[in-house]
Each structure stands twice: as structure tokens, then as C-alpha cells.
Amino acid sequence: MPELRNIPLIYREGVYSIADFCENIDEDNAIFFDYDTQYQMLTYDIPVGKSEREMTLYSVPEGALIQTLRATYGRDGILQNVTATLNGRKTLLYICYENEEQARRRIRRFAIRNANAIIEQIQQCTDVVARLFIDYYYSSNYMDYHAVIGTEAQMEEIRQKYHDEDSCDNSGNYPSEYIKGDNEMLTTMIRCAESHLHENFQYAVEIMSNHIKEHALAALHRTENFKYICAEYD
């Protein structure tokens, strides 16, 4: 099995695997990967403008990473993206944007695809729904966006347990599983953009939340007092 090697930022046009790169690539002009075998943790710095941002991925199987990592270069030889198939899912490790406008366009396209994946799961619910929550969280290293369904029966149990109507508007009181899209790709796409991280995250959140509201609610069997609640948690 080939070893995990550095990925040069400039190379010949095409798609390459780890085995295609030599061992002595200049670290100053490459993405340097640091893999912790004990914790299956991958750490690397991504070039963002004239600076770098550290990325950390957890539960990364070393064999799959080395065997499936692919680096794609454009006609100008610039590294366009790095991907790997991890835990059965194609994972984006790095993406290059030409400018801020392109970054926004690509984030928007992904946000709509991600919202559609969440909508598809939401629409599988056949119970009477009293609440649909969108919970999201931001930090410079981690971003989360997920939905939680609160059924009519669950809400009644919460009302009887807490004797407080406000408790019905707290997603944490509902036992439903989180409905997620691809938070790893969301994080990578936003962290690879040169502009402000939090602004781009909020931009994606607004697109996804509005898209879900527009396309998911009509398919649900809702109560008369149904609420769609979007909130950031800490």
C-alpha cells in the first residue's frame, strides 16, 4: 500500500492518486497531510488566499484514505479539488475557488442539494407533525445543520411532562433522530472560501432553511398549531 504523501498545489492537468506523486514534494507548495493512526484523525492545512486554515477530520480509515484519495488539476495546472471515499461517502477534502463570487455560487448550489437531501428524509414521515426544527451551529472548526421532527404525540408527552407550552418549542425535548445532509462537505466548502467564514455559513443556512420551508412543509400532515422553528444552538 502506498504511503500518504503531500499533494502539490500545481501539477499537470488530470486526476491523480497518492501513488502518482513522489515522496520529496516541496511542503511549502503542497497540502501536507498528518495522520494519527491511533485516533484515525487527519489534519492538514488548506491554502486560502495568502494564508492557510487547518482542517481536521475524524474517524478517517487510513486504508480507504490512501486508496481512494484523488487530486484533480485544471488546464492551468492548479489544484482544483481533493476528494476521498470515506465510510462509503465521497468526501471533499479541499476545493479551489477562483474568486469570492464563484465561491458563493458553488456554496449556493451545494446548499440547495443539501437541503433537497434533508427534504427527502423529512417527507418520509407519515405521522402527524406538530413541529419541524432546524438546528444549526457554527465554530471556526465545526459546522452543523440538521432537522428534527416533532410529532403530535411527542409534543403531547412533552406538554404533560413539563407543564409548559414553551417546552414544546425546544427541539432537545423531542426524541426524534437528527435528519442530516452532508455537514462535512458544508464545512469544507465554507472553510476553503477566502471571505468571512461566519457570513458564508449564515448564507448557506438561509438558503437551506428557506428551501426546506418552501418544499418540505406542504408534504407533511401538520397540526393546526404547527410551527417551523429555525435556531442556532450553543
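Sparsely packed loop sites in segment 88-166 (the GluC sites (Glu not before Pro) outside DSSP H, G, I, E and B with at most 11 other Cβ atoms within 10 Å) comprise 98. Using C-alpha pairs under 8 Å with a sequence gap of at least 6, the mean separation divided by the residue count of segment 15-144 gives a relative contact order of 15 percent. The packing ranking of peptides 128-140, 79-91, 13-25, highest mean first, is 128-140, 79-91, 13-25, where packing means the average number of other beta carbon atoms within 10 angstrom of each residue. Ranking 11, 142 from most to least accessible surface, computed with a 1.4 Å probe over the protein chains only, gives 142, 11. Considering only protein heavy atoms and a 1.4 Å probe, what is the carbon-and-sulfur percentage of the accessible area of segment 77-164? On segment 77-164, the fraction of accessible area on carbon and sulfur atoms equals 43 percent.
May I ask for the distance between the Cα centers of segment 70-143 and segment 1-61, given as a whole number of Å? Cα centroid to Cα centroid, the span is 20 Å.
Taking label points 7 Å from Cα along the Cα-to-Cβ direction, residue 62 and residue 217 give a separation of 5.1 nm. Helix-only arithmetic for the chain: the sum of -39500 (n - 2.57) across DSSP H runs with n ≥ 4, divided by the residue total, places the mean residue ellipticity at 222 nm at -9500 deg cm²/dmol. Computed with a 1.4 Å probe over protein heavy atoms only, the accessible surface of segment 178-234 comes to 53 Å² per residue.
For the chain, the alpha-carbon radius of gyration amounts to 1.19 times the rule-of-thumb value 2.2 N^0.38 Å expected for a compact globular protein.
The calculated FRET efficiency for the pair residue 105 and residue 45, based on their C-beta separation and a Förster distance of 22 Å, comes to about 0.30.
Using a cutoff of 8 angstrom between alpha carbon atoms and counting only pairs six or more residues apart, the relative contact order for the chain works out to 19 percent.
Ranked from largest, the principal axis spans of the Cα set of segment 50-148 equal 54, 36, 26 Å.
Taking every protein chain into account, the 1.4 Å probe leaves residue 107 with about 0 Å² of accessible area, to the nearest ten. Within the shell defined by Cβ-Cβ distances under 15 Å, the residues around residue 106 carry a net charge of +1, with Lys and Arg each +1 and Asp and Glu each -1. Distance between the pseudo-spin-label points of residue 76 and residue 198 (7 Å out from Cα toward the beta carbon): 3.2 nm. Listed by chain and number, the aspartates and glutamates whose alpha-carbon sits under 14 Å from that of residue 213, ignoring those within fewer than 8 places in the same chain, are 120, 135. Of 35, 174, the order by accessible heavy-atom surface (1.4 Å probe, DNA, RNA and ligands excluded), from most exposed downward, is 35, 174. Spacing of the modelled spin labels on residue 121 and residue 162, each 7 Å from Cα toward Cβ, amounts to 2.3 nm.
The values are calculated or read from the model by the stated rules, or taken from the named source; none is laboratory data. These numbers were taken from a predicted model, which means no experiment stands behind them. Methodologically, a virtual Cβ is constructed for each residue, glycine included, from the backbone with ideal geometry; neighbour enumeration extends over all protein chains shown. These area figures cover heavy atoms from the full protein model, side chains too; ligands, DNA and RNA do not enter into them. Shrake-Rupley method; radii C 1.70, N 1.55, O 1.52, S 1.80 Å.
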